[in-house]
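Scroll down for the structure; my scribbles are underneath it.
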Amino acid sequence: MTYKYSNTNNKDYYKALLQDLAQELKHTPSVNESLKARLPVYSIRKAFGSYNKALAAAGLKIRREWARGSSDKETMLRQYKEYSEALGRPATYRELNAASGMPSGSTYCMKFVGMRGLKIAAGYPPIVDRRRYTKEEVACLLNEEVKKTGHLLTTKEVNSNRNLPSLPTILKCFETTHIQDVWNALGLHENAAAKAMQFSPKM
C-alpha cells in the first residue's frame, strides 16, 4: 500500500500514518519500510526530532538494534541494502549519517574499508576511484588547510573543502571514525595554526 499525504506539521497526523503502516505490516515499520510506503520520513523526523522519537510518540515498539545502530557487519549490510532499495540507488555517505537507527557513514567505511567496499559487498557496481591518496599526502593537505584557516577544521568544513579528499577517505587513511583522532595523530590541537607552521608529517 502506498500512502498519500498532504504537507502538514501536525504530529497527530504523522503518528496516525505510522500506526496505520504498523497495523498493515503487523510490526513496527523501519525507516526503509516507511520510505517504501511513501511516508514523509524527513518531515516526521523534523517534527519529532528523530524517527525513533516519532515511533515512541505513536506508541510503537522500537527494536533494540534500531535504537543503538547495530555494528554487526551482516546486519549493517542488510540495512544498507534495504535502505538503498528504498531510495532506488546506493545510499551515500551523507545519507547514512542522516538515517535514523543506522550506523554512521564513518562506521560503515571502517567495517567495509570505505564506501567502495560497502557498495561492492552490497552488489552494486564499484565506484571508479579517481585518485588514491597516501596517508602522507592526506596529512600534508590537512596541514596546509590548517595553516590557511588558523584552526582545526570541523567535519562540516572538511566535507565542503574542495582542496581535501572526502571525509571517508581521510578517516580511512588514519583508520578511525572520528576527525579528532586524525588531528591527534598529526599532533595538532586548538592552537594548530602555530604548530602547523612547524609541522612535518610523522608516519
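The numbers here are math on the coordinates, done by the rules we state, and not lab data. Being a predicted model, the structure only gives us computed values, none of them experimental. Cβ sites come from the backbone with ideal geometry, for glycine too, and all protein chains shown count toward neighbours.
Here are some notes:
- Sorting Cys109, Cys173, Cys140 from the fewest to the most surrounding beta carbons within 10 angstrom yields Cys140, Cys173, Cys109.
- Distance violations [Cα-Cα > 21 Å] among Lys111/Lys172; Lys36/Lys73; Lys46/Lys73: Lys36/Lys73; Lys46/Lys73
- Computed E for Lys53/Glu137 - FRET, C-beta separation, R0 25 angstrom, nearest 0.05: 0.05
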